[in-house]
Amino acid sequence: MKPALSVAIPAHNEEKYIGRCIQSVALSAGLADQQVEVVVALNRCTDRTREIAQSLGARCVVNDTKCIAAVRNAAVRATSAPAIATLDADSWMSPKTVSAILKHVTDSRYVGGGTVTWPERVSTGILFSLMAVAPYVIKRGVSAGMFWCSRQSFEAVGGFDESLVSAEDVDFALRLRAYGRACGKRYGTIWRHGITTSCRKFDQFGDWYLFRNPRLVKEIFEGTNRRAADHFYYDIRR
């Protein structure tokens, strides 16, 4: 039987998180009584990510480029369902996320969209760091976190832009929204039954790091600054 939904997960040395991520998808799929396919795109993995993912029923592909957009695209293009969701390996679904995705993605009013994302913990430093990021997201007026859309919409916008080394998620959201407007559809946000994400960046750099480094935040949202992207994403040891 063809799955109703495919979940595409990029993963670089995610043995600490990938199990919880995939298990959350399986739990949510079971509660929705839907078959859901999980595809993990392995990126420069030297740990047990593949072993854990496959033991939980996920299919794995490999893309070793230092470009998260390319890794996301590799995961999505290895899927088979008519509806697609993307989920980072250090995030996890709530029990009713799959039901919420399928409800929205089959609603003809929507071209696709994002979801509300909750951090696994909160501190004063994290709140101030999120305030440093917020203007770049609010200004664009789109949600991200976990994207959901039909396969047709994904292909129509060309997937994630592989010329970007960061902020590829915001760029994808903007292009998806623009495509929806051209088709008379809305960009939606799943406000209930969203996802939770780890705070590992704050654990690694410190809760106040982004607030104290506004230039880095600006460079990351430029999307093409390799130095900033390597520093904050690609060259981090896990």
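The values are calculated or read from the model by the stated rules, or taken from the named source; none is laboratory data. What you are looking at is a predicted structure, and each value in this text was computed from that prediction instead of being measured. Don't worry about glycine lacking a Cβ; one is built from the backbone with ideal geometry, like all the others, and counts go over all protein chains shown.
Quick notes
- Looking across the range 116-139, the residues that are within 18 Å of the chain's Cα centre (by Cα) and under 13 Å from Leu210 (Cβ atoms) come down to Pro119, Leu130, Val133, Ala134, Tyr136, Val137.
- Of all residues in the range 183-232, those being touching a residue at least 40 places away in the same chain (Cβ under 8 Å), of a type in the set (D, E, K, R), surrounded by 18 or more Cβ atoms within 10 Å (Cβ to Cβ) and in a helix (DSSP H, G or I) number 0.
- Selected residue (criterion: farthest from the chain's Cα centre (by Cα)) from residues of the range 35-62 that are surrounded by 15 or more Cβ atoms within 10 Å (Cβ to Cβ) and among the acidic types (Asp, Glu): Asp47
- The condition (being modelled with pLDDT under 95 and at negative phi) is satisfied by just one residue among Arg140, Arg77: Arg140.
- Val157 vs. criteria closer than 24 Å to Ala75 by Cα and touching a helix residue (DSSP H, G or I) at 6+ places or on another chain (Cβ under 9 Å): yes
- Filter result for Ser129 (on the phi < 0 side of the Ramachandran plot, part of a helix (DSSP H, G or I), modelled with pLDDT of 95 or more and not basic (Lys, Arg)): yes
- Between Arg109, Arg72, the distinction of being touching a residue at least 40 places away in the same chain (Cβ under 8 Å), of a type in the set (Lys, Arg), surrounded by 24 or more Cβ atoms within 10 Å (Cβ to Cβ) and under 24 Å from Arg186 (Cα atoms) belongs to Arg72 only.
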